[in-house]
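J.: If you scroll down you'll find the structure; I have some questions about it.
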Amino acid sequence: MSFVLFYLAAAVAVGATAMALTRANAAHALIYLIVSLLGVAVLFFLMGAPFAAALEVVVYAGAIMVLFVFVIMMLNLGEESQREERALLDFGHWWLPGFLTLLLLAELIYVMGYSTSTLSGGTVLPKEVALKLFGPYVLGVELASMLLLAGLVGAYHLGQHFLARDRGRDD
Amino acid sequence: MNTMLIPLEHVLVVASMLFALGLFGLMLRRNIIFMLMSLEVMLNAAALAFIAAGAHWQAADGQVMFIFILAIAAAEVSVGLGLVLQMRRQMHTLDMNTAIRLKG
């Protein structure tokens, strides 16, 4: 049963991703991307990583995609940008990247499709993850926190003009 | 949950397909928002491979790496979308082809 679930979720994830990256409308693409992320979350759950699955839904499909939604709403992309996007999506533009990517994918599958090992089938609980994270990987946690701080400062700096403009409008 | 004996390479093939799709999107699209989405897909594919490896060896390291990838994705998206807003403000477009000239 879970085999069927696994391949179904994988098909949903790959299909939704393909749809997301070939849409002309950014909002539609975003919805497909969220579906894809939820599909990957199901894969995580089936592979015995429930904590990662929850994080995928909460942080990826929740927080990060909401950022995209905010920006798309702020930019207010109209019909014109959709027409431009559609013009860029004809066959003449995508056959070369498509060919190169297919080549890469074939190589990856060729390299990875050899062994006959299976997943262990066990579940890795959040407790073990936490013990690893704050044990041997604590330096990585510090680095990640510094990266997030840098991201925060960078995003604030880049958004400054918008804050200033809104303040000016209020006066 | 103990009956799940999915072949490891099937998961890796799914991750490869997601990664290839992300790369394809990155090469195909010129709209910076779609390029950021493609980057997200590629990061996600890498995370899937990590989780699969962690499940294969029954180790928590895969999920630890997933958390790091999550943090990197969050930082990347926040700065990237800030740049999108700046680009829209200064060049009135989201097309990367008009942004290839620095100090334009």
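J.: Computed on protein heavy atoms with a 1.4 Å probe, what is the summed buried accessible area for the chain pair A and B, in Å² to the nearest 100?
T.: So the buried area, both faces added, is about 7300 Å².
J.: Return the average number of partner chain Cβ atoms within 10 angstrom of each residue Cβ along peptide A:37-50.
T.: Neighbouring Cβ atoms belonging to other protein chains average 5 per residue here.
J.: Return the calculated 222 nm mean residue ellipticity for chain A, to the nearest 500 deg cm²/dmol, obtained by summing -39500 (n - 2.57) across DSSP H runs with n ≥ 4 and dividing by the residue count.
T.: Estimated from H runs of four or more residues: -25500 deg cm²/dmol.
J.: Can you list the DSSP H helices in chain A whose Cα atoms extend at least 18 Å along the helix axis and whose mean Kyte-Doolittle hydropathy is 1.0 or higher?
T.: Membrane-span-like by this criterion, though nothing is claimed about a membrane: A:2-20, A:26-46, A:91-112.
J.: Dipole size in debye (nearest 20) for chain A around its Cα centre, Lys and Arg Cβ +1, Asp and Glu Cβ -1?
T.: Once rounded to the nearest 20, the dipole reads 280 debye.
J.: In whole percent, what relative contact order does chain A give with Cα contacts below 8 Å and a gap of six or more residues?
T.: That works out to 19 percent.
J.: Can you tell me what the convex hull of the Cα atoms of the range A:11-76 projects to on average, as an area in nm²?
T.: 4.1 nm²
J.: Would you grab the residues whose amide H sits under 5 Å from the one on A:THR118? Only those 5+ places off in sequence or on another chain, please, with H modelled 1.01 Å from N.
T.: B:LEU8
J.: Calculate the translational D of the range A:84-143 in whole µm² s⁻¹ from Stokes-Einstein, where the hydrodynamic radius comes from the Kirkwood formula applied to all Cα pairs, the temperature is 10 °C and the viscosity 1.306 mPa s.
T.: In µm²/s, the coefficient rounds to 96.
J.: Accessible area drop of at least 30 Å² (1.4 Å probe, protein heavy atoms): which residues of the range A:75-89 qualify, relative to the chain alone?
T.: Residues shielded by partner chains are A:LEU75, A:LEU77, A:GLU85, A:LEU88.
J.: Still on this structure, please answer the following. For chain B, what size does the Cα cloud have along each of its three principal axes, sorted from largest down, in whole Å?
T.: Principal axes ranked by extent give 57, 24, 20 Å for the Cα atoms.
J.: Still on this structure, please answer the following. I need the Kirkwood Rh of chain A: take the reciprocal of the average 1/r across all distinct C-alpha pairs and report it in angstrom.
T.: Result for chain A stands at 20.0 Å.
J.: Let me ask you something else. Within the protein assembly as shown, what whole-number % of the accessible surface is contributed by carbon and sulfur, with the 1.4 Å probe and all protein chains included in the calculation?
T.: Heavy-atom surface of the protein assembly as shown belonging to carbon and sulfur, 1.4 Å probe: 72 percent.
J.: Oh, and also: Ignoring ligands, DNA and RNA, what accessible area per residue does the range A:51-171 give at 1.4 Å, in Å²?
T.: Here the residues of the range A:51-171 average 67 Å² of exposed surface.
The values are calculated or read from the model by the stated rules, or taken from the named source; none is laboratory data. Note that the structure is a prediction, hence the values are computed from the model and not measured. Methodologically, a virtual Cβ is constructed for each residue, glycine included, from the backbone with ideal geometry; neighbour enumeration extends over all protein chains shown. Please note that ligands, DNA and RNA were not included when accessible areas were found on the heavy atoms of the full protein model with its side chains. Shrake-Rupley method; radii C 1.70, N 1.55, O 1.52, S 1.80 Å.
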